[in-house]
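These notes are about the structure you will find just below.
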Amino acid sequence: MKSTDPITRLVSAFTKLPGVGERTASRLAFFILNQPDEIANELAQALVEVKEKVGLCERCCNLTDERLCSVCQSQRRDHSVICVVENTPDLRAIENTGEFTGSYHVLHGLISPLEGIGPDDVHIRELLKRLESPAANGDAAVDEIIIATSPSVDGEATSLYLSKLIKPLGIRVSRIASGVPIGSELEYTDKSTLSRALMERRDL
């Protein structure tokens, strides 16, 4: 097929998405081709708008189409508690639990020396500004930082770095627990996970 063929171009565009192979991309392309024009127009418009209108929240660096995201605008949230996450999908995952009522800070990456990603390459500077200046945090003094990065090597490195920066400010720093998933069997749990669960045990 010629690369200028519209169907080939659409399939090629879909293969650039994460987790989408040639077969899935082809299926998506022919699905759209067989739908009413409104479906394709709506999809095209949504793609253009998300690139043109979505940016970073001025306070927490969450993705939003406004100056401040909905969490930062809310008067019902506890802005004295900030949960630090790697990216917006992680923020949404925590929001979906319905358990957290504080605010967030999105790093958009993790410190990874092996990949050449340092503290200046993620949004740590913006977090420190919020901690040092109540006005930058909506005039709310911060009492606790919850670090909710993944328990990977880079997640742990980022967590330790943030802890060393924040603790001297007199702010409580906590880390989300990790361990044995609910519903799993101990005999099938890997050694590292089980070890972490034992270290982070709590009183009943």
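The values are calculated or read from the model by the stated rules, or taken from the named source; none is laboratory data. Here the structure is a predicted model, which means the values were calculated and not measured. With ideal geometry, Cβ positions are generated from the backbone for all residues, glycine too; neighbour counts draw on all protein chains shown.
Going by what's in this entry, would Leu68 be described as without any contact (Cβ under 8 Å) to a residue 40 or more places away in the chain and touching a Cys at 6+ places or on another chain (Cβ under 7 Å)? Spell out how you get there, then give the answer.
Details: without any contact (Cβ under 8 Å) to a residue 40 or more places away in the chain: yes; touching a Cys at 6+ places or on another chain (Cβ under 7 Å): yes.
Judged against the criteria, Leu68 is a match.
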Look at segment 141-156 and say how many of its residues are modelled with pLDDT under 95, of a type outside the set (S, T, N, Q) and surrounded by fewer than 18 Cβ atoms within 10 Å (Cβ to Cβ). 4
So if I check each of Glu95, Glu58, Glu99, which one is closer than 30 Å to Val173 by Cβ, surrounded by fewer than 18 Cβ atoms within 10 Å (Cβ to Cβ), not assigned by TED's automatic domain parsing to the domain that holds His123 and not β-branched (Val, Ile, Thr)? Glu58
Can you work out which of the residues in segment 61-87 that are within 16 Å of the chain's Cα centre (by Cα) and not assigned by TED's automatic domain parsing to the domain that holds Val106 is surrounded by the fewest Cβ atoms within 10 Å (Cβ to Cβ)? Ser70
Please determine, by comparing only the residues of segment 1-48 that are assigned to a helix (DSSP H, G or I) and among the polar types (S, T, N, Q), which one is surrounded by the most Cβ atoms within 10 Å (Cβ to Cβ). Ser26
For segment 114-140, how many residues meet the condition of being surrounded by 12 or more Cβ atoms within 10 Å (Cβ to Cβ), over 17 Å from Asn87 (Cβ atoms) and aliphatic (A, V, I, L, M)? 4
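Take Ala157 and tell me if it is under 20 Å from Leu91 (Cα atoms), touching a helix residue (DSSP H, G or I) at 6+ places or on another chain (Cβ under 9 Å) and among the hydrophobic types (A, V, I, L, M, F, W, C). Please lay out each step first, then the result.
Working: under 20 Å from Leu91 (Cα atoms): yes; touching a helix residue (DSSP H, G or I) at 6+ places or on another chain (Cβ under 9 Å): yes; among the hydrophobic types (A, V, I, L, M, F, W, C): yes.
Yes; evaluated as a whole, the condition is true for this residue.
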